[in-house]
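The values are calculated or read from the model by the stated rules, or taken from the named source; none is laboratory data. Note that the structure is predicted; figures quoted are calculated from it, not measured. Counting neighbours? That spans all protein chains shown, and the Cβs are built from the backbone with ideal geometry, glycine included. In case anyone asks, the SASA skips ligands and DNA or RNA and just uses the protein heavy atoms, side chains included. Shrake-Rupley method; radii C 1.70, N 1.55, O 1.52, S 1.80 Å.
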Amino acid sequence: MTREEKTQIIDSITEKLREYPHYYLVDTSSLNAEKTAKLRRMCFEKEIKLMVVKNTLLGKALEQVGGDHVEEISGVLSGSTAVMFSTVNKAPAVLIEEFRKTSDKPVLKAAYVEESVYVGDEQLKTLTAIKSKEELVGDIISLLQSPAKNVISALQGSAGGKIAGLVKALEERGGAA
């Protein structure tokens, strides 16, 4: 591979690292052609970009991107490495968990999710539990709606009749004084 080809690959990886806010480094070695094709198909369906990379080229791309996480991520760059790029924080973790129901690979080496680094395959459960931005917004809206729903249901229920009666009594008292 020429220096120019390496530079192009490093630039391509750097572009992906900047384009996607979340990426997972996985070991897919020993997957046969059929399982690799299945993994690629699943990634495509879930809008996850899968790229097999050379560790040295990925290391140089990480250096170009910069950041506090680079040193920690660089520590796992050995052996076979594939990168799963995603716009949804936990999508690759869910995909890996689903795929491993029929295979022992891919193994999670590290992940950069929500500006945090997760190192080691034991972090997979943690990553699948992370909520996406949309899920968090939904939770907040539900929490905000809950008190309003309680007040409305109280006004519509039997307590509502009592409240209406109290308001009427107070109006009559105010008018009689």
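Within the assembled protein chains, the solvent-accessible surface assigned to E45 is about 130 Å², based on a 1.4 Å probe. Taking label points 7 Å from Cα along the Cα-to-Cβ direction, L166 and E47 give a separation of 4.9 nm. Using the Cβ of S74 as centre and a radius below 14 Å, the other residues enclosed give a net charge of -1, where K and R count +1 and D and E count -1. Computed over protein heavy atoms with a 1.4 Å probe, the accessible surface of the chain works out to 63 Å² per residue. Computed packing ranks the peptides 132-142, 8-18 as 8-18, 132-142, most packed first, by mean other Cβ atoms within 10 Å.
What does the charge add up to near A111, with Lys and Arg as +1, Asp and Glu as -1, over the other residues with Cβ less than 14 Å from its Cβ? Intermediate values should be presented prior to the final figure.
On the way: positive: K90, K109, K125; negative: D27, E72, E97, E114, E115, D121, E122.
The answer is -4.
Against the chain, whose longest principal axis is taken from its Cα atoms, helix 133-156 shows a tilt of about 10°. Holding the Cα-Cα limit at 19 Å, pick out from K6/K90; K38/K131; K6/K46; K35/K105; K38/K101; K6/K105 the pairs that are longer than that. Beyond 19 Å between Cα atoms: K6/K90; K38/K131; K6/K46; K6/K105. Got a sec? Which residues in the stretch 21-37 would a label at D104 touch, if it sits 7 Å along Cα→Cβ and we count backbone N under 20 Å? Answer for this model: 26-37.
Apolar share of the accessible surface for the chain: 54 percent from carbon plus sulfur atoms, 1.4 Å probe. Under the criterion of Cα pairs below 8 Å and six or more residues apart, the relative contact order for the chain equals 26 percent.
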